[in-house]
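Here the structure is laid out as structure tokens; the discussion comes afterwards.
The values are calculated or read from the model by the stated rules, or taken from the named source; none is laboratory data. Every value quoted in this text rests on a predicted model; they were computed, and no experiment measured them. As a convention, Cβ positions derive from the backbone with ideal geometry for all residues, glycine included, and neighbour counts pool all protein chains shown. All accessible areas refer to the heavy atoms of the entire protein, side chains included, with ligands and DNA or RNA removed. Shrake-Rupley method; radii C 1.70, N 1.55, O 1.52, S 1.80 Å.
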Amino acid sequence: MNLLLFGPPGAGKGTQSTFLVEKLDMRHISTGDLFRSAMKNNTELGQKAKQYMDKGQLVPDEIVIGMVEEKLKSLSGQSFILDGFPRTEPQAKALDQLLTQLDLKLDWVVSLNVPDETLISRLTGRRVCKGCGAVYHVDSKPTQKSGVCDVCGGEVIQRADDKEDVIKDRLEVYRKSTAPLIDYYQAQNKLLDIDGTGATEAVFERIKAAVAK
Ligand code: AP5
């Protein structure tokens, strides 16, 4: 089964992907994580992406599509979860073409619904490990020792795009460029609307039940 996790910034796409990878052995393809890793390694791709990400803007389609193509080609039969891609109509169309070309099928688009005020408090309170990328939240999932990752002992920081003014821009970009894809996938009969509020485990149970139908 191949899934696309869809939703605004802070909807829980990364968190739910972690559950899916652990429990259902799927490969996680997160364009945000790929860009952050390129930025950490200071590659040319990372330097280009940083210019857009720090301002909450989208990285140009041709860069993102090329990166996803490479990842899909390297799958060798494993089920995948797309997280944060596609985000524009050209990206969605390019994905359809790629899937046909590679003889792959997207089974479901899991759309996580969360009200704006919850998104903002999740994003402003999110902290991430600089070393392994583990995700925390100052209230709902704090680290055991302040500023230190429970998994690898690395430094836990706030993402540059999780500052309140950038969050507002990211939500605006989502509404304008990404939310219209809901209709795109509705028309393909692939959309599963999931309530993304409540405990993370409860959201995961909803996803599991919906994709099993
Ligand atoms: P990306 O990294 O994809 O960011 P995003 O879509 O904005 O999503 P987030 O990572 O912010 O949120 P999430 O839904 O994964 O939430 P999470 O699980 O972490 O993209 C970043 C940037 O890269 C973009 O702005 C753009 O510049 C660029 N980019 C990426 N893809 C691109 C593309 N395709 N095209 C162009 N540009 C692209 O949860 C958030 C917080 O909430 C965490 O602290 C978590 O612990 C907490 N939380 C989660 N679920 C719950 C819950 N149920 N209850 C309580 N707390 C919860």
Approximate spin-label separation K176-L75, in nm, with each point projected 7 Å along Cα-to-Cβ
3.2
Please give the FRET efficiency for A202 paired with E44, using the beta carbon to beta carbon distance and R0 = 35 Å, rounded to the nearest 0.05.
0.25
In whole Å, what are the Cα extents of the stretch 107-180 along the three principal axes, biggest one first?
40, 35, 20
Expressed as a whole percentage, what fraction of the accessible surface of the chain belongs to carbon and sulfur atoms when a 1.4 Å probe is rolled over the protein heavy atoms?
50
Long-range alpha-carbon pairs in the chain, meaning those over 23 Å apart, account in percent for 45
If you place +1 on the Cβ of every Lys and Arg and -1 on the Cβ of every Asp and Glu, how big does the dipole about the Cα centre of the chain come out, in debye to the nearest 20?
300
Once you have the Cα-Cα distance between Q101 and K213, take 0.36 nm times their residue separation minus that, and quote the gain in nm to one decimal.
37.6 nm
What is the spin-label model distance, in nm, from D61 to D33 if the labels are put 7 Å beyond Cα along the C-beta direction?
2.6
Viscosity 1.002 mPa s, temperature 20 °C: give me the Stokes-Einstein translational D for the stretch 163-203 in µm²/s, with Rh taken as the Kirkwood radius over C-alpha pairs.
174
Label model pair D169, Q51: point-to-point distance (7 angstrom along the Cα→beta-carbon line) in nm is 1.4
Please list, ordered by chain and number, the residues whose modelled amide H lies under 5 Å from the amide H of V148; skip anything fewer than 5 residues away on the same chain.
V156
Spatially close lysines, pair count over the stretch 54-213: Cα under 14 Å, gap of eight or more or interchain:
7
In nanometres, the difference between 0.36 nm per residue of separation and the alpha-carbon distance of A187 and V21 is 57.0 nm
Using Cα-only point scatterers and the Debye equation, what is log10 of I(q)/I(0) for the stretch 1-98 at each q in 0.12, 0.19, 0.21 Å⁻¹, rounded to two decimals?
-0.38, -0.98, -1.19
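Report D for the stretch 30-75 in µm² per second (integer): Stokes-Einstein, Kirkwood Rh on Cα pairs, 10 °C, 1.306 mPa s.
148
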Given a 1.4 Å probe, how much area per residue of the stretch 118-163 is accessible, in Å²?
56
